[in-house]
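A.B. asks: Provided herewith is a single structure, encoded as structure tokens, for subsequent inquiry.
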Amino acid sequence: MLNRLADYHMHTVRCGHAVGTMEEYVETAIARGLAEIGFSEHVPMYWLPEEQRDPTGAMSMGEMEAYVSDVLRLRERYPEIPIRLGIEADFIPGHEEALVRLLEPYPWDYVIGSVHFLGDWNFDHPDLVHRYAEWDIGELYDRFFALERMAAESGLFDILAHIDLIKKFGHRPDKDLSQAYAALADAIAGAGAAIELSTAGLRKPVGEPYPAPALLKACCDRGVPLVISSDAHAPGEVGWGFEQARDLALRTGFTHTVRFEGRRRRPEPLA
Ligand SMILES: [Zn+2]
Ligand SMILES: [Zn+2]
């Protein structure tokens with residue numbers, strides 16, 4: 001049983017690349033003994049003109065309202081488990097104000113910040129993996145980590161998702177990353193954001209959680225708060241790999257995860 005653990009990173013069919021009803025996500029969470037959950041659908045592609053928004057990448061602007069009311073309705077229907085209202089928002093430099101305006105009307109419990117795009121390239125999309133060949137991988141990592149630091153420093157996000165997502169398909173630079181890890185961990189600690197230990201990486205070609213053990217440790221050493229997340233795109237992925245993730249977090253030196261409500265956080269013992 002996944003007692004004490006919360007899963008704050010779950011998607012819905014509205015993003016166009018997840019399956020299952022929202023009720024199935026909730027019922028899986030209850031069956032697996034999670035203490036709390038939250039939905040975090042992909043934010044509409046606010047930085048693109050309407051005709052360029054990929055309907056298989058995120059919910060549309062018109063669905064925001066219904067998404068929020070669906071989560072609030074589930075909260076009434078399942079009093080046995082706290083259900084938080086979250087969203088996963090892409091960090092796109094230069095578009096910060098548009099994001100703030102878009103999120104402003106809704107009662108979020110937390111906002112997750114993600115870097116999925118380098119310029120116009122959605123580098124975590126399986127159909128676009130060929131574009132890694134255009135890059136020197138060391139330079140690509142530098143670009144990614146610079147953006148991730150900016151996302152932290154923007155102060156827009158309560159939680160940063162999969163903070164080394166650039167490794168998803170197994171592309172590894174042949175240089176030492178400890179400087180990049182230290183700089184990112186410093187930025188996150190300075191911004192007061194939490195990070196995810198995401199089990200999604202275990203289901204991807206890279207075959208390890210996000211972030212890598214050394215980056216997780218760099219964050220732990222600086223007192224960065226932690227959540228454990230599945231990034232579920234199917235009901236069966238809710239709470240997936242959480243026992244393993246809890247062990248890793250404890251071994252790394254974390255003693256607590258954090259819970260969110262109304263964009264305020266409080267610690268919860270890990271074990
Ligand atoms: Zn997704
Ligand atoms: Zn996600």
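A.B. asks: Would you check which residues across region 156-182 are outside any loop (DSSP other than H, G, I, E, B) and farther than 30 Å from Glu104 by Cα and list them? Please lay out each step first, then the result.
C.D. replies: Looking only at region 156-182, we keep the residues that are outside any loop (DSSP other than H, G, I, E, B), and these are 159-160, 165-167, 178-182.
Those that are outside any loop (DSSP other than H, G, I, E, B) and farther than 30 Å from Glu104 by Cα: Lys167, Ser178, Gln179, Ala180, Tyr181, Ala182.
A.B. asks: Output the qualifying pairs, or none if there are none: Cβ atoms under 8 angstrom, residues six or more apart or on different chains, first residue in region 1-13 and within 15 Å of Asp247 (Cα to Cα), second residue part of a helix (DSSP H, G or I).
C.D. replies: Cβ pairs passing all conditions: Leu2/Phe242; Leu2/Glu243; Leu5/Phe242; Leu5/Arg246.
A.B. asks: Further, regarding this structure: Filter region 213-248 for residues that are acidic (Asp, Glu) and either free of Cβ contacts under 8 Å to residues at least 24 places away in the same chain or in contact with a Cys (Cβ under 9 Å, 6 or more places away or on another chain) (or both) and give the result.
C.D. replies: Within region 213-248, Asp247 is the sole residue that qualifies.
A.B. asks: If you don't mind, there's one more thing I want to ask. From Glu41, Glu76, which residue is out of contact with any helix residue (DSSP H, G or I) (no Cβ under 8 Å at 6 or more places or on another chain), within 27 Å of Arg264 (Cβ to Cβ) and either within 15 Å of ligand 2 (Cβ to nearest atom) or assigned to a helix (DSSP H, G or I) (or both)? Before the answer, list the steps.
C.D. replies: Details: Glu41 fails: out of contact with any helix residue (DSSP H, G or I) (no Cβ under 8 Å at 6 or more places or on another chain).
One residue alone meets the criteria, Glu76.
A.B. asks: If Leu85 meets every condition in (1) assigned to a loop (DSSP other than H, G, I, E, B); (2) free of Cβ contacts under 8 Å to residues at least 60 places away in the same chain apart from one, which number is that one?
C.D. replies: Unmet condition: (1).
A.B. asks: Something else: Filter region 1-25 down to the residues that are more than 11 Å from ligand 2 (Cβ to nearest atom) and assigned to a strand (DSSP E or B), then identify the one that is farthest from the chain's Cα centre (by Cα).
C.D. replies: Once the filter is applied, the top-ranked residue is Ala6.
A.B. asks: Need pairs with beta-carbon distance below 7 Å; first residue under 20 Å from Glu196 (Cβ atoms) and in contact (Cβ under 8 Å) with a residue 40 or more places away in the chain and within region 37-59, second among the basic types (Lys, Arg) and part of a helix (DSSP H, G or I); sequence gap 6+ or separate chains.
C.D. replies: Glu41/Arg14
A.B. asks: Given the residues Asp158, Asp174, Asp109, which is the only one that is of a type in the set (Asp, Glu), in contact (Cβ under 8 Å) with a residue 12 or more places away in the chain and touching a Leu at 6+ places or on another chain (Cβ under 9 Å)?
C.D. replies: Asp109
A.B. asks: Within region 26-62, take every residue that is of a type in the set (D, E, K, R) and out of contact with any Cys (no Cβ under 9 Å at 6 or more places or on another chain) and give me the one that is surrounded by the most Cβ atoms within 10 Å (Cβ to Cβ). Can you show your working first?
C.D. replies: Step one: list which residues in region 26-62 are of a type in the set (D, E, K, R), which gives 27, 32, 36, 41, 50-51, 53-54.
Checking which are out of contact with any Cys (no Cβ under 9 Å at 6 or more places or on another chain) leaves us with 27, 32, 36, 50-51, 53-54.
Details: Glu27: 16, Arg32: 16, Glu36: 19, Glu50: 9, Glu51: 5, Arg53: 16, Asp54: 12.
Selected residue: Glu36.
A.B. asks: Same structure, new question: Looking at (1) at pLDDT below 95; (2) more than 16 Å from ligand 2 (Cβ to nearest atom), find the lone condition where Thr56 falls short.
C.D. replies: The failed condition is (2).
Okay, residues lined up against (1) more than 15 Å from the chain's Cα centre (by Cα); (2) within 16 Å of ligand 1 (Cβ to nearest atom); (3) of a type in the set (Lys, Arg):
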{"site": "Ala161", "(1), (2), (3)": "no, yes, no"}
{"site": "Lys168", "(1), (2), (3)": "no, yes, yes"}
{"site": "Pro173", "(1), (2), (3)": "yes, no, no"}
{"site": "Ala183", "(1), (2), (3)": "yes, no, no"}
{"site": "Ile188", "(1), (2), (3)": "no, no, no"}
{"site": "Leu197", "(1), (2), (3)": "no, no, no"}
{"site": "Ala200", "(1), (2), (3)": "no, yes, no"}
{"site": "Pro225", "(1), (2), (3)": "no, no, no"}
{"site": "Phe260", "(1), (2), (3)": "no, no, no"}
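A.B. asks: Let me ask something additional. I'd like to check something: does region 137-159 contain any residue that is at pLDDT below 95 and within 28 Å of Ala212 (Cβ to Cβ)?
C.D. replies: no
A.B. asks: Next question, about the same structure. Within region 60-82, which residues are closer than 16 Å to Thr12 by Cα and either of a type in the set (A, V, I, L, M) or in contact (Cβ under 8 Å) with a residue 12 or more places away in the chain (or both)?
C.D. replies: Applying the first criterion (closer than 16 Å to Thr12 by Cα) to region 60-82 yields 60-75.
Within region 60-82, Ser60, Met61, Glu63, Met64, Ala66, Tyr67, Val68, Asp70, Val71, Leu72, Leu74 meet the criteria.
A.B. asks: Name the residue, out of Ile112, Ile166, that is under 23 Å from Gly207 (Cα atoms) and touching an Asp or Glu at 6+ places or on another chain (Cβ under 7 Å). Spell out the reasoning first.
C.D. replies: Numbers: Ile166 fails: touching an Asp or Glu at 6+ places or on another chain (Cβ under 7 Å).
One residue alone meets the criteria, Ile112.
The values are calculated or read from the model by the stated rules, or taken from the named source; none is laboratory data. Everything numeric in this text was worked out from a predicted model, so none of it was measured. For neighbour counting, all protein chains shown are included, and Cβ atoms are generated from backbone atoms with ideal geometry for every residue, glycine included.
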